[in-house]
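Student: Let me begin by handing over the structure; questions about it come next.
The values are calculated or read from the model by the stated rules, or taken from the named source; none is laboratory data. Computed from a predicted model, the values in this text were never measured in an experiment. FYI the Cβ positions are ideal-geometry reconstructions off the backbone, even for glycines, and counts take in every protein chain you see.
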Amino acid sequence: MRVAVAVSGGADSVALLRALAQAAPEIGLALSVAHLHHGLRGAEAGEDAQFVAELAERLSLPLHSHRVDTAVAARAERKTLEEAARHLRYAWFRDLLAQGHADVIATAHTLDDQAETVLHRLLRGAWTEGLGGIHPVIACARGTILRPFLSVTRAEIVAWLREIEQPWREDASNQDPAFTRNRIRHELLPQLAVFNPRIAEQLAHMAALARDEESWWEAELARVLPPLLLPGRPVRGGGRAVSTHPNAGSVGMELERLRVLAPALRRRVLRAAARQLDCVLNFEQTERLMALCEPEGTRRQQLSADLRAERTPRELRLVREAATDDAAETPAAVELPIPGEVSALGVILRTTLREDTAVPGAMLRTPRPGDRVRMRYSRAAKPLKEIFSRMQNGAGADAAARKVWPLVEWQGRIVWMKGVAVEPDPEVPFTVEELSGHMQG
């Protein structure tokens, strides 16, 4: 088996490489080393790359190396640096497999990484598929990604490296509290360990249970879903019409069949139906759909900018709409650098970082269907129609003014809105100040 070991230079990946190199002759592995330079951390990252290259040479192993610009990718894809780095990393791993350089990519995720991942996703409101954490095995179109160290703790790894006198590199960004994962690692998990010293192990157990639960649900949905889904919309005289527009489509479900499903299964069916239209529902959107299944109440919900749900006497339908001509008349979104300033949509905004670290830019844009904002001291996010009705100056604004009302979106959430005191989000590492008027957010 040809195994490319992903080595960053840190303790975990260096230990994985040394352990596999030690076992390779006995179990028949043909090893190589894979190192990705993320284009971050300046000279320190270059020293990491040199360290990995020298280690590969000392072990007489081939080296695959590649460089990407994570900051540019994060801005272009509107992701955090962590998310963009992970995406680029795994895209390269899959390229190595697809090009036949290896049969397997081995990564050095540990039991501690698993615990941090589960907590991180729990804090962000993950469903059970997210609580499954890091999977031990990922099947790719060609080849496999394996995580052999998922049952090994970081402390065990460090102890072994010291025993064999193998140095490693320390990444200074792993101490930066601006990154949520670092705060989980250095602040939250130690606090939880006071209550349960085996908290990391317990979280890893929960991830294993969640993966098995999710596997069962996938099989159950594959059985239940096909007869429930009705593609397109019904037409007079029988039959159904299906849109041929690549960015539009709809799917229906008979209400009577939905209503007899247990709530857990009904949620799964609704979310799976949305995925048929390439849309992913969060908890709030799913609960709004659950309520729409009932005979009372509203018959229509705008779930997002391009996805709406509507109830007829017989069906619940999800409709994904293509961009309309009205959208072409809407002012284009403008990138808002962080930190930095921008003048657009009738406002001048300045962003200021709370921590000295690079983050992807935000977007200054106008309202879209499905936008919701959480006002300060409120319990939940509210639709913009309700926000406008509460605003002293917004109540008198006509429909045309509301269409071009400036908002700031970052990582899929609205973090600033002109004239509105938006509830601060501790996950947002910057502040927004309006310089062109008296209202600030």
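Student: Name the single residue, out of those in the range 304-334 being at pLDDT below 80 and not in a loop (DSSP other than H, G, I, E, B), that is nearest to Ile414 (Cα to Cα).
Tutor: Per the criteria, the residue is Ala327.
Student: Give Ile145, Ile138, Ile134, Ile105 a once-over and let me know the one that is surrounded by 23 or more Cβ atoms within 10 Å (Cβ to Cβ) and touching a Ser or Thr at 6+ places or on another chain (Cβ under 9 Å).
Tutor: Going through Ile145, Ile138, Ile134, Ile105 in turn, just one is surrounded by 23 or more Cβ atoms within 10 Å (Cβ to Cβ) and touching a Ser or Thr at 6+ places or on another chain (Cβ under 9 Å): Ile105.
Student: Does Asp112 fit the bill of being in contact (Cβ under 8 Å) with a residue 24 or more places away in the chain, out of contact with any Leu (no Cβ under 9 Å at 6 or more places or on another chain) and not hydrophobic (A, V, I, L, M, F, W, C)?
Tutor: Answer is no for this residue.
Student: Please verify whether Arg41 is within 23 Å of Leu17 (Cβ to Cβ), surrounded by fewer than 20 Cβ atoms within 10 Å (Cβ to Cβ), in contact (Cβ under 8 Å) with a residue 40 or more places away in the chain and not hydrophobic (A, V, I, L, M, F, W, C), treating the condition exactly as stated. Steps first, please.
Tutor: Numbers: within 23 Å of Leu17 (Cβ to Cβ): yes; surrounded by fewer than 20 Cβ atoms within 10 Å (Cβ to Cβ): yes; in contact (Cβ under 8 Å) with a residue 40 or more places away in the chain: yes; not hydrophobic (A, V, I, L, M, F, W, C): yes.
Against the criterion (within 23 Å of Leu17 (Cβ to Cβ), surrounded by fewer than 20 Cβ atoms within 10 Å (Cβ to Cβ), in contact (Cβ under 8 Å) with a residue 40 or more places away in the chain and not hydrophobic (A, V, I, L, M, F, W, C)), Arg41 qualifies.
Student: Check Gly133 against each of (1) within 26 Å of Ala53 (Cβ to Cβ); (2) within 20 Å of the chain's Cα centre (by Cα); (3) modelled with pLDDT of 90 or more and name the one condition it does not meet.
Tutor: Among (1) within 26 Å of Ala53 (Cβ to Cβ); (2) within 20 Å of the chain's Cα centre (by Cα); (3) modelled with pLDDT of 90 or more, Gly133 violates only (1).
Student: Starting from residues that are in a helix (DSSP H, G or I) and of a type in the set (A, V, I, L, M), keep the ones in the range 158-178 and report whichever is farthest from Glu54 (Cα to Cα).
Tutor: My answer is Ala159.
Condition check ((1) closer than 16 Å to Phe149 by Cβ; (2) in contact with a Gly (Cβ under 7 Å, 6 or more places away or on another chain); (3) among the aliphatic types (A, V, I, L, M); (4) part of a helix (DSSP H, G or I)) across all residues:
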residue	(1), (2), (3), (4)
Val14	yes, no, yes, yes
Ala21	yes, no, yes, yes
His35	no, no, no, no
Glu47	no, no, no, yes
Phe51	no, yes, no, yes
Glu57	no, no, no, yes
Ser65	no, no, no, no
Arg89	no, no, no, yes
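Quick grid of which residues meet (1) closer than 22 Å to Val137 by Cα; (2) at pLDDT below 90; (3) assigned by TED's automatic domain parsing to the domain that holds Ala126:
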{"residue": "Asp171", "(1), (2), (3)": "no, yes, yes"}
{"residue": "Leu188", "(1), (2), (3)": "no, no, yes"}
{"residue": "Leu203", "(1), (2), (3)": "yes, no, yes"}
{"residue": "Glu220", "(1), (2), (3)": "yes, no, no"}
